[in-house]
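A quick write-up on the structure given underneath.
Quick note: the coordinates plus some simple rules give every number you see, no bench work behind them. Values in this document were obtained by computation on a predicted structure and should not be read as measured data. Positions of Cβ are generated from backbone atoms using ideal geometry, with glycine treated the same way; all protein chains shown enter the neighbour counts.
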Protein chains: 2
Amino acid sequence: MLDALGDPTRRAILETLRTGGPCSVGVLAERVPVSRPAISQHLKVLGAVGLVQHESRGTRNIYRVHQAGLGELRSWLDQFWGDALQAYADHVRQTEEERK
Amino acid sequence: MLDALGDPTRRAILETLRTGGPCSVGVLAERVPVSRPAISQHLKVLGAVGLVQHESRGTRNIYRVHQAGLGELRSWLDQFWGDALQAYADHVRQTEEERK
DNA sequence: TTGCTCGGTTAGTGGCAACTTACCGTTCGT
DNA sequence: ACGAACGGTAAGTTGCCACTAACCGAGCAA
């Protein structure tokens, strides 16, 4: 998930799909400065983690961003946020007690 | 930001700081299966993007997760989410009109 | 069917980044 | 002041991954 978002090219693909709406692989290859096979490989990765969804229309595949992956990221972030605050509070309390 | 979160070892460091609370570099090196210099380098990266904060206490540096970076990630995610929905709605409306 | 376009797959290469080893500055205890 | 512990930095190596070139299958039009 975060591994998928770690690559700048994959983020550029997502950005293109976000701002321009769903489009085909060929169009993506025109807008993102890498070859078409590279686009395919990145779309495979993005699809595996649920960040992208595709729909066959004739010979061309239309890709769009998929909210499922974004939702997973959001819940992960919320959990991380809460736990970090909790752990920090615990740590403060613990060091307070050690000071006594 | 997302580049920093793209590395598994860095996520392990954050996970350790999250669950165990703030701790020193040496302790982190014990809990995460990499050498101490590697920990230092990763902490440098995490600190550069505001995901981690450190505080010198004697010779040892205590690191903890910093909410600033998490907040930035959250706002980015929220914006991305909204724009994706908007772009999708636009695309649906556009294809509807093309169908006529 | 034949030709054409679109796109996924494979093989191979190059570059980057994560890791370790060695070194050095800093700070505390004795 | 001396030694030890802690941690950041430099240099060097290795492994992985992003990329391209070449190939192949699938669907549409003539």
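Among the residues of the stretch B:32-59, those that are away from chain A (no Cβ under 14 Å) and among the basic types (Lys, Arg) comprise B:Arg36, B:Lys44. So in the stretch B:41-63, with the set limited to residues that are near DNA strand C (Cβ under 8 Å from one of its atoms) and in a helix (DSSP H, G or I), which one is farthest from A:Ala89 (Cα to Cα)? Per the criteria, the residue is B:Gln41.
Filter the stretch B:1-11 down to residues that are out of contact with any His (no Cβ under 9 Å at 6 or more places or on another chain) and not basic (Lys, Arg) and give me whichever is nearest to the other protein chains (Cβ to nearest Cβ). The residue in question is B:Gly6.
Selection of the stretch A:6-24 for residues being surrounded by fewer than 20 Cβ atoms within 10 Å (Cβ to Cβ) and assigned to a helix (DSSP H, G or I) yields A:Pro8, A:Thr9, A:Arg11, A:Ala12, A:Glu15, A:Thr16, A:Thr19, A:Gly20. Take the residues in the stretch A:12-31 that are polar (S, T, N, Q) and more than 8 Å from chain B (Cβ to nearest Cβ); name whichever of them is nearest to A:Gly69 (Cα to Cα). For the stretch A:12-31, the residue satisfying everything is A:Thr16. Against the numbered list (1) loosely packed, with under 14 Cβ neighbours inside 10 Å; (2) facing another protein chain (nearest Cβ under 10 Å); (3) assigned to a strand (DSSP E or B), A:Asp90 comes up short only at (3). Name the single residue that is surrounded by the fewest Cβ atoms within 10 Å (Cβ to Cβ) among those in the stretch A:51-80 being in contact (Cβ under 8 Å) with a residue 40 or more places away in the chain and under 21 Å from B:Gly6 (Cβ atoms). So the residue we want is A:Trp76.
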